[in-house]
Structures are given as structure tokens and as C-alpha cells.
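Colleague: Below are the C-alpha cells for one structure; questions will follow.
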Amino acid sequence: MSQDNFDFKFSQCFGDKADIVVTEADIITAVEFDHSGDYLATGDRGGRVVLFEKNNSKHCEYRFLTEFQSHDAEFDYLKSLEIEEKINQIKWLRPSQRSHFILSTNDKTIKLWKVYEKNVKLVSENNLSDGMALPRFAGSHSGNNGNGGGGSARAVLSLQNLKLPRLSQHDKIIAAAPKKVYSNAHTYHINSISPNSDQETFLSADDLRINLWNLDIPDQSFNIVDIKPANMEELTEVITSAEFHPLHCNLFMYSSSKGTVKLCDMRQNALCDYKTKTFEEYLDPINHNFFTEITSSICDVKFSPDGRYIASRDYLTVKIWDVNMDSKPLKTINVHDQLKERLSDTYENDAIFDKFEVCFSGDSSSVMTGSYNNNFMIYPNVISTGDDSGGVVKNFNDNSRKVQFNDKKKGSFSSSNSSNGSRASSSYRRGSNGSRSSFDDPTSTASSQQQNPSSNIQQQQQQQHSHQQQENNKEIVLQADKSAFKSKRFGTLSQRSARNKEWGDDIDFKKSILHFSWHPRENSIAIAATNNLFIFSAS
């Protein structure tokens, strides 16, 4: 994966491109690349799962593979509750023997699907295809059912000449078959499923409980987190998301509506809802308001692919945590600064309860999240490891790392989100020693020849630090909309980002980017925008 190329451009769009009335069942609710990036799965409100396969002849181009009905609407007669068919999440398992396995879930039931290539064969030759009329004719004249008939009839029906029917290849189809159904284990709506790195177990989380399943045992699960109080009137928080660690099969984490992320080790306790490592940022009570409890609720939480970092998304921000440091986040990215003054509007139209996802790039250095007006944001290189062998992450406010700005490069966009030398798409360059480089500023160079060297160094550091703080607030903002077809060649990435960020008062809260996935090996992303699937690529 090219870590320096973030010049994302529109590549493909699947779905109705015309401006028509969107059917509720067609709205995409889940997007997921598999571990290789060669396959892409989407789920929708109608309970359907659609699979796409990468076209190897072209860079980052996908073609339709198959579609199947994963879930159907049900009715819980005991609770008089209708269970939607909407797909809440899709997760790929490791392929086995040229077959692919997918976990999909709605509010109550999880299913394991096997997707495989099925050969369709037809009978091309049998004993009745040749000489069928001859024995009938001979038998009808002999009167003894062919036993004493003519020689031709005896020859056809003799044991020596009987043939097994032959099958010939007719067609190949992609078939999907449900292998296991995991049901009746959740009282509340399932919000997360996550396969374990051991490829034998997975977890499922609802509002108050997290269960551990074995993939081969659909009728039994183990409760590993239970935050339900004895008296439901004392309920203060719910579970919003959960995920297994990508490398260590004993670790998993879950987030809550209180804005906390808890990292649990299944080796310590059978019930993992206490003695956990809690990631929580202190919030001054002076800054509390009516909306604080809602906006601080974490919508989504993800491990980085290398397992070292955690990204959590609430309504207004994305926080990056180091799993070894729970005192404060490494980085806080303000996603919805422009909405802080309009929270009352978002509360009235229920937009404040939207659940935005967050995801890491395949190299664990960049993050991505969604917003309104069909905008989505990419923050390149928010994580950059140091040069020491231990891989210690340098502080994001470390001003000893300087950057070189080159405004002559075409298509460049300065999107550093950490002041420890994070690089954007060819706007920043690291020095030859891999640790630091100088900032080209002719005015400061001229003044340095007239001032005291020590005071000049301090002044340069202050200027560079303030410049970096300004640059850290930048982001790549793209739009998954019909305009993507036209804006493919319109302006540089920085110009397009500037246009997309100019919301003004015209915010379409119905056009929200909630679901997406980042290719594990390339800078390619799949975006769900209402009933369309957009693919953007930085080639």
C-alpha cells in the first residue's frame, strides 16, 4: 500500500444512478471488504447480502458476483414485537477450500453463510437416448416383452450393453447456503458481531450483554459481559459496539453510551465486565450541557489492523488511543465542529442519534469516518511510529519534528493530522535521515542571518509549531454523490475538500455516510450512500 498517496478519485458506482425515489429496503446498512480485499460485501434494509469480486485485469474495479436473501422479517409472538430483516453487520471469515464464509446479523439472529462455486450438470447420455424406439417395436410384435424378440432388441437390453448415464458440464453459478443459525441468545437488539483471530469463535453484542460463540455450536453461547442492573431503573449506560483484537484471541473491547472504551482479557475472568482497562477522557463538568450525554456516546470502536491502536467515534469527534495508555487519547479529531452550535436542530430531527462508523487503513496509520451531505473524511497518517526499534509513538505535540512544505507539487494536499511528522499526499516530505526535515520559509531564513542564533531557533520552532497546528486541523473531505461522476477531474484534492467543507446552513441530514470499509492492502475505499455503493481509489 502506498502510504503517501491520498489523492482519492471516484472509481465506480453500483446502484440506481438516476434521481428516483429510494425504496427503504434498498438502503445499504453494512459494507465490508474481506481480508484480501478481493471481495466486497454489502447488506441492506431488505435483508439482502450482495457480493462483489475484484476484476483483476483493472486496478480497484469490482464486478457483481452474487446476491442472496440473508434474513427475513419475523414476528416475536411472546413480546408482540416485529423483528426487522435489516442487516446490521457483515463479517468475513477466512476462506476454506475455495469457499467463502460470511457472518451476517439482524437485530436477533446471526447466520453463517457458505458462498461457493457450484457446478450445474445435466444428463447428456443415457440408455433411452439411442435405440429407444427399436426395442418397443420389436417387443410389441414378439409378445414376450422383448425376451424372445428380435436380435436387435436383445442386443440393446442385454446387461453387457447397459450404460451408466453421463453428466456433462452445463454451467457454473455462485451459490450461498446457510450453514449455521445462531439465535435465541439476545434479549435486546444485536449491534455488533466480531470474529476472533483463532477463526473458531466470535462474539455478538447487544445493548446489555456480550456473548461468545463457537462457530460449530449454534445452540450454545457463553455470556462474557453483562451490565444489566438488578433494577432496570438504575440503568445508566448501554453497550454500543464490540470487537475482538485482530491478533490476540483473548482480548476484546466494547464501548458504551457513557463515552468509555473497555479492554477485556478473557483469561482473567469468566465474566469480563469488571477489572477491565478503561479508556476515558476527562470532561470538565463546566463544559457539560443538555446534549453532552448524547454526543459523548460512542457510536463505533475499532482496533487498528496491527492491534496497537483504538479509534472511537462519537457524534462530534474521533479519538485515537494507544492500547498501552488509557490516561488520555493520542489524538482527538473534531469532525463536526460546525454542528456544535446547531445541536438543538440535530436533536429535533433526531440526527444527533445517527451512528457513524470509523475505520483504519490497512497500514494502521490513517483513519476515516463519515458525515452529512454525503461527505466523508479521511485523516492521513494520524499515527506515525518513531524511528526507535521499540516503535514508541511520539507525542502529537512534539515540535522537534519539522515539515517541509512544497506548494509547487501538483495535486498536493497537506493533510497532516499529527505534528510528529505525519505526511500527506506528496505535500510533506521527511528528511533524508527519516526523522526530521526543515521548513522552507525564505523570510525566516533571511531574518535568521540578522538575529541571535539561539533566539532565532526558538522563533522558528514557534512558527513551525503554530503552522503545524493549523495544518493538523486539515482533512481530506470527499463526497459520495452524483457529483462524483462530474468532479472526477475537477480541481485538486485540496480544492475539492475545501468545496465539500463549505456547508453553510444548507445541511442535508438525510444524506449521511454511516457505513464504509477501507481496502486492507490498497488506498481504496467503499462507501455506502443511501442505496448506492461508491468506490474511491488513490492509484
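Colleague: Please list, short to long, the whole-number percent of alpha-carbon pairs of region 314-386 in consecutive 5 angstrom bins beginning at zero.
Modeller: Taking all Cα pairs of region 314-386, the binned fractions are 3, 13, 24, 23, 16, 11, 7, 2, 0, 0 percent.
Colleague: Using all Cα-Cα distances in region 254-350, what percent lands in each 5 angstrom bin from 0 up to the longest?
Modeller: 3, 12, 21, 23, 18, 11, 7, 4, 1, 0
Colleague: For region 35-84 and region 314-347, what is the separation of their Cα centres, given in Å?
Modeller: 30 Å
Colleague: Now for a different question. Which order do the peptides 105-113, 319-327 take when ranked by the mean count of other beta-carbon atoms within 10 Å per residue, highest first?
Modeller: Ranking the peptides 105-113, 319-327 by packing returns 105-113, 319-327.
Colleague: Which pairs in the list K86/K179; K114/K258; K114/K511; K111/K355; K319/K510; K302/K511 are over 27 Å apart, alpha-carbon to alpha-carbon?
Modeller: K114/K258; K114/K511
Colleague: Could you give the C-alpha radius of gyration of region 1-124 expressed as a fraction of 2.2 N^0.38 Å, taking N as the number of residues it contains?
Modeller: Against the compact-globule rule of thumb, the ratio is 1.27.
Bear in mind these aren't lab numbers, they're just calculated from the coordinates by the rules spelled out. Quick caveat: nothing in here was measured; it's all calculated off a predicted structure. Note that we place each Cβ from the backbone using ideal geometry, even for glycine, and neighbour counts take in every protein chain shown.
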